[in-house]
Amino acid sequence: MVGGLFKNMRQNLDFWRSNMYINDNVLQTAHEVDVVKVVSCLSTCIFPDKTTYPIDETMIHNGPPHDSNFGYAYAKRMIDVHNRAYFEKYDRRYTAVIPTNVFGPHDNFNIEDGHVLPGLIHKTYKAQTLHVWGSGRPLRQFIYSLDLARLFLWVLREYDEVDPIILSVGEEDEVSIKEAANVVVQALEFKGEVVYDTSKADGQFKKTASNTKLRKYLPEFTFTPFPEAIKKTCDWFVDNYDIARK
Ligand code: GDP
């Protein structure tokens, strides 16, 4: 069960309970029917709030997550505990990946519940004035869903560790919400006014993740440039407006 910042803030209890049930049902059932590999999906928003940067895979449990999404964060952290325990007891190689903020075609473009990029794309497409929530200053590393899909297949086929791996663009590719909004505005050739609604939450200021471990395994992997990936996502949304999840 996933959602953007604002859905997390409204539903910490539901995020905690649903994800805990999903974790236990999926992993225990996989074990019982003898599935040899499971790749679960965590997120960089489960990392400690007070930390040093960049954050790496060894730091997941080093302190409380940001208050806004503690239900989701603690439930997702428990997958790492599950994986360790299945390995210890049954030698299962169940593992987890930690993607940064994902976007792309077929995303959830719901404005209230979705993540920032699909929300901004939907709002920009519809509005005369674009209301970006928060100050625009927080920083995020965005990953295009098709790049993430390629990395997922590599993890499934080649990655042999139980310990999780961060799937992210580099630290140098971190962008502010404001920069991201500007890329969406250009891709959709939006001519209206852009305003920042600072009565809305900023969430975690940043959660800069290190992709050093990924780069050790896959030094040559190339990510789709951010403006190109945004353009493809916007084109998909415009072409599929009737069927898009929103
Ligand atoms: P997060 O990365 O887990 O915090 O989740 P989001 O993908 O929801 O990103 C939240 C960040 O984007 C916060 O800094 C928000 O203030 C900002 N933001 C700006 N406009 C929007 C919007 O329309 N929807 C969402 N979800 N966030 C927005």
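The values are calculated or read from the model by the stated rules, or taken from the named source; none is laboratory data. Here the structure is a predicted model, which means the values were calculated and not measured. All Cβ positions, even for glycine, are placed from backbone atoms using ideal geometry, and neighbour counts span all protein chains on display. The area values use the complete protein model at the heavy-atom level, side chains included, leaving out ligands, DNA and RNA. Shrake-Rupley method; radii C 1.70, N 1.55, O 1.52, S 1.80 Å.
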THR29 and GLU88 label points (each 7 Å along its Cα→Cβ direction) are spaced in nm at 2.6
Expressed as a percent, the accessible surface of the stretch 113-246 that is carbon or sulfur, using a 1.4 Å probe and the full set of protein chains, is 49
Sorted by chain and number, the residues with a modelled amide H under 5 Å from that of VAL102, at a separation of 5 or more or across chains, are ILE143
Cα gyration tensor of the stretch 78-204 diagonalised, 5x eigenvalues square-rooted, in angstrom largest first, produces semi-axes 35, 15, 13
For the GLU172, TYR21 Cβ pair and Förster radius 35 Å, calculated FRET efficiency rounded to 0.05 is 0.35
Cα-based Rg then Dmax for the stretch 1-101, in Å, read 13.8, 41
Heavy-atom accessible area per residue of the chain, all protein chains kept, 1.4 Å probe, expressed in Å², is 50
For ALA209, the residues 5 or more places away or on another chain with a placed amide H closer than 5 Å to its own amide H are ILE55
Cα extents of the stretch 116-167 per principal axis, largest first, Å, are 49, 21, 11
One finds, for THR58 and SER199 with R0 = 41 angstrom and r their Cβ-Cβ distance, a FRET efficiency to the nearest 0.05 of 0.60
The percentage of the accessible area of the stretch 41-98 (probe 1.4 Å, all protein chains present) made up of carbon and sulfur atoms, to the nearest whole number, is 53
Taking the chain and counting helices only, DSSP H stretches of n ≥ 4 at -39,500 (n - 2.57) each over all residues, the nearest-500 ellipticity at 222 nm comes to -13500 deg cm²/dmol
Correct response: the longest run of the chain lacking exposed GluC sites (Glu not before Pro), defined by DSSP loop and at most 12 other Cβ within 10 Å, is 1-111
Cα-based Rg then Dmax for the stretch 22-80, in Å, read 13.4, 41
Once the mean of 1/r over all distinct C-alpha pairs in the stretch 185-246 is inverted, the Kirkwood radius in Å reads 15.7
Given 4 °C, 1.567 mPa s and a Kirkwood radius over Cα pairs, the Stokes-Einstein diffusion coefficient of the stretch 9-53 in µm²/s is 101
Over all directions, the chain yields a Cα convex hull whose mean projected area in nm² is 13.4
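Among the listed pairs LYS50/LYS231; LYS178/LYS246; LYS123/LYS216; LYS191/LYS246; LYS76/LYS206, give every one whose C-alpha distance is greater than 29 Å.
Where the Cα-Cα span goes over 29 Å, the pairs concerned are LYS50/LYS231; LYS123/LYS216.
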Expressed in angstrom and ordered largest first, the alpha-carbon extents of the stretch 143-224 along the principal axes are 49, 27, 20
